[in-house]
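Notes follow once the structure below has been shown.
Computed from the coordinates by the stated procedures, all read-outs in this text should not be read as laboratory data. This one's a predicted model, so the numbers in the text were calculated from it and none came from an experiment. All Cβ positions, glycine included, derive from the backbone under ideal geometry; neighbour counts span all protein chains shown.
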C-alpha cells in the first residue's frame, strides 16, 4: 500500500509502539496525526518527523465522553482520516485479590471506552467516503489470559470482541 498523502491518526503516539509507528508512517510519506496526553512529547516527536502537515491532537482516553464530543466537533477541521490506529492504552500487573475496583474501571475507560469513543467519532466519515481502515492494537492478552493480568486482559478481550463485531457491521461499506 502507498502511504504518500495518506493521513494516519495514531493514539498513544508519545512513546513506544505509537511513537515508532508515527516515525515509520512519516518515512513512508504519510501525514500523521499524533495523539496522547503529553503534548510536549507529541510536539517534540512532530518536530523530528520527516515530511510536513503532521498534526498534534491531544487526547486523554480516560475521558471517553470528552474524546467523543471534542473530536466530533473537530472532524470538519481535520484532513480525511485514511487510517486510524487505536494504540493508546494502559497496562496492569497485579493480583485480582489485591486490586482496587477503580483499577478495572480505569483500564476499561482507557483501553476500551476511549478506543470506542474515537472510533465512533472517526468512522462515520470513513463510511461516507467508503474508504478507510481502523487498526486497534490489542495484545496477546486479548486472546489468552494469564496471572496478574485480569484487568488488562479483560480490557483487551473487549477490544478484540468489539473490533470483530465492528468489522462485520461495516464490511459492506468498503
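List of remarks:
- Rel. contact order, % - alpha carbon contacts under 8 angstrom, at least six apart, segment 89-174: 39 percent
- The long axis of helix 39-48 is offset from the longest Cα principal axis of the chain by roughly 40 degrees.
- In the chain, Cα pairs under 8 Å separated by at least six residues give a relative contact order of 21 percent.
- Largest mean-square fluctuation among 73, 121, 26, in a Gaussian network model of the chain whose springs join Cα atoms under 10 Å apart, belongs to 73.
- The separation of segment 109-149 from segment 1-62, counted between C-alpha centres, amounts to 17 Å.
- Reciprocal mean inverse distance between Cα atoms of segment 100-155 - Kirkwood radius, Å: 12.8 Å
- In the elastic network of the chain, a GNM with C-alpha springs shorter than 10 Å, the most mobile of 161, 18, 89 is 161.
- Summarised in one figure, the compactness ratio Rg/Rh of the chain, Cα atoms and Kirkwood Rh, is 0.98.
- Among 90-98, 61-69, 30-38, 106-114, the order from most to least packed when residues are scored by Cβ within 10 Å on average: 30-38, 106-114, 61-69, 90-98
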